[in-house]
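Each remark here refers to the structure printed beneath this line.
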Amino acid sequence: MARKISAPKVDRRNFLKGVAVAGAAAGAVAPGAANALPAAGAEPARIPSVLPPSARTIAAETAMPEKELNRIGGKAGSDFMVDVIKTLDIKYLPANCASSYRGIHESLIDYGQNKMPEFLTCMHEESAVAMCHGYFKVTGKPLMTLVHGTVGLMHATMSIYNAWCDRVPVIVMGGNDMDAAHRPPGVPTFHSAQDINAIVRDYTKWDDTPVSLQHFAQSFVRGYKIAMTPPYGPVMISLDAGLQQEPMHPRPGEATPSIPKYTPTSPPAGEMGAVRDAAKLLANAERPVIVVDRAARTENGVRLLVQLAEALQARVVDLGNRMNFPRTHHLVSGPPAVANADVILGLELSDFWAVMNSYVDNGDEGIGFNQTRIKAGMKLISINSVELITKANYQDFQRFQPVDIAMAADAEATLPALIEAVKSAIPNDRKDAIAKRGEAAKKARDEAHTRTLQAAAIAWDASPISTARLVMETWNQIKNEDWSLVASEGNVSNWPARLWPMEKYHHWLGRSGGYGVGYGAPASIGAALANRDLGRFSVSIQSDGDLMFAPGVLWTAAKHKIPLLAVMHNNRGYHQELMHVQRMASFRNRVASIGNDLGPIGTSIMNPDIEYHKLAESMGWWAKGPIKDPEQLGPAIKEAVAAVKSGQPALVNVWTQPR
């Protein structure tokens, strides 16, 4: 579309004359004035500018109405966009600045007064999206971000993919300059495309390219609505530069653009016939097991899952991508419970096949060896909303697992009906057996917890510090706070879930979704931002390799005063990849023939060792380290907790065992 810029309603000659006079006055300095000192108590003299005053300054000094200096001849299109955005109560907008969305950027901070949303300065688009990701998992409310054309969106793609796999809504808007007849040459053209949304179309729920302001209003509200309908997911809107910068003029015969009303869509619940069939199987099972992945979307989802499990006294295997079930509950169980089950209920499982099969990547049996856990007569029930948005290209839907009852529905929305159906389906003569099942589960839980404590004590005094001690020394310093573990990147043998009394939904926010390295630091900071507003204490177990993908997010946390305790799991390497190489070398008999382990080549983060505490300090964090003596770990974390409680982000750099 052509950009028609209305001429300013200002006499150009008089305007320039005023600038010249003002500039001359600014340049005139009395003899000796440059060296004069202000009297005691007086304000220092203003140093005159060599630049002419801005139009805003002239308007103030001449009492000229500022609106008359509006060069576009009306309300900017991006001002209307801000009006639309404000109706949805989006609190923050983390983004890396860019020329392709300068129109809406200016409108957000000037016209919108930098409130609802507040612009948060990020060093990288991947970090900005991951901050949105972490924020949502605390609040249940999405944030939006802005990216720069092709290159900014390319930077953001890993975090968008994580959000897609983790079923998290993020509103992404990308600046683009679509009109080639008016597009500036050079960089703006390099960074434009016919269809920037194509970059992320395979891993977003929906996308659009508005061509008018009314179209934008409808697209933004629609996009928000789609993102916030379970299963959640990111959406993408391409934002034309001309549409942002042109004045808001309706087409001939059209009304002034309006803002549609947002009405949330009810999540899809399971069909009642299927719910009753599932309830009958569960109620009559001898050894029912519930396996959960992203079943709980809210605190209420945790309560509902407890009700279902207790009605059946069924073991619960929580795969950990959300805080689905209290870790202190007597029905908590590990994956081995699956092998003895006669009925398995899978709720929002990202990989049902992996639950039912053990798989060895490259072990003694060979590469890709697997063994099934399915026994004769075992019944499988699946309630999974992700079936409603499965796409073809990216393989996040995992391997195919046949089941006996399949509901393409939101698990949390289906739980109330399933609970009532289960209670109605339990025969009176089975209630005693169900109660005894619960007693056996409690005994097994107590025995497993004792074994876990014994395992955690191994190498307690070792240096580098064991991951169990790292986790428990952290817990000992935060246990009296209203804490939230916002991320645990790197493999610390799942000690937080095994040892910490996780009971509330915000106690554990889950993993990245797509397992993209670089999620932990920015997602932790986004979650800590949400927890700051809610008065909670945020802590993350931060791995070294993850932090180095985009360490600039540390500055964002300090800049915007986001308190977070980051305890480094600094094992000085990409240990998982090291083990892959070592296992492959062993499978191929390389070690025996060469005589030494070359696995650290390409996987080690040593020589030089990265001083993460100094990196954090340079960006405004309280930091300490490297901590190598386990006796020094507790006191160091205690100091860091005090810094966080004062409102400052803090990092403790801890040298640790590999996992």
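Assorted remarks:
- Among residues of region 424-472, those that are among the aliphatic types (A, V, I, L, M) and within 16 Å of Ala311 (Cβ to Cβ), counted: 6
- Top-ranked residue of region 81-113 - restricted to ones that are assigned to a loop (DSSP other than H, G, I, E, B), out of contact with any helix residue (DSSP H, G or I) (no Cβ under 6 Å at 6 or more places or on another chain) and not aliphatic (A, V, I, L, M), ranked as nearest to Leu239 (Cα to Cα): Cys97
- Sole exception among (1) touching a strand residue (DSSP E or B) at 6+ places or on another chain (Cβ under 7 Å); (2) farther than 17 Å from Val82 by Cα for Thr145, by number: (2)
- Residue, surrounded by the fewest Cβ atoms within 10 Å (Cβ to Cβ), within region 535-590, restricted to residues that are charged (D, E, K, R) and free of Cβ contacts under 8 Å to residues at least 24 places away in the same chain: Arg588
- Residue match in region 161-171 (condition: among the charged types (D, E, K, R) and at positive phi): yes
- Residue in region 425-443 that is within 19 Å of Asp318 (Cβ to Cβ), at pLDDT 95 or above, in contact with a strand residue (DSSP E or B) (Cβ under 8 Å, 6 or more places away or on another chain) and among the small types (Gly, Ala, Ser) present: yes
- Residue match in region 598-606 (condition: buried (at least 20 other Cβ atoms within 10 Å of the Cβ), over 28 Å from the mean Cα position of the chain (by Cα) and outside any strand (DSSP E or B)): yes
- Strands (runs of 3 or more DSSP E) (entirely within region 337-423) containing at least 3 residues that are under 28 Å from Tyr232 (Cα atoms): 343-347, 379-383, 405-407
- Filter pass, Met236 being touching a strand residue (DSSP E or B) at 6+ places or on another chain (Cβ under 7 Å), in contact (Cβ under 8 Å) with a residue 60 or more places away in the chain and not assigned by TED's automatic domain parsing to the domain that holds Ser512: yes
- Region 114-148, residues that are part of a strand (DSSP E or B) and of a type in the set (S, T, N, Q): Thr121, Thr145
- Output for region 292-313, where each listed residue is part of a helix (DSSP H, G or I) and among the basic types (Lys, Arg): Arg303
- Candidates Pro264, Pro185, filtered to the one that is outside the structural domain of Tyr161 (by TED's automatic domain parsing) and outside any helix (DSSP H, G or I): Pro264
The values are calculated or read from the model by the stated rules, or taken from the named source; none is laboratory data. Everything numeric in this text was worked out from a predicted model, so none of it was measured. Reconstructed Cβ throughout: ideal geometry from the backbone, glycine too, with neighbour counts over all protein chains shown.
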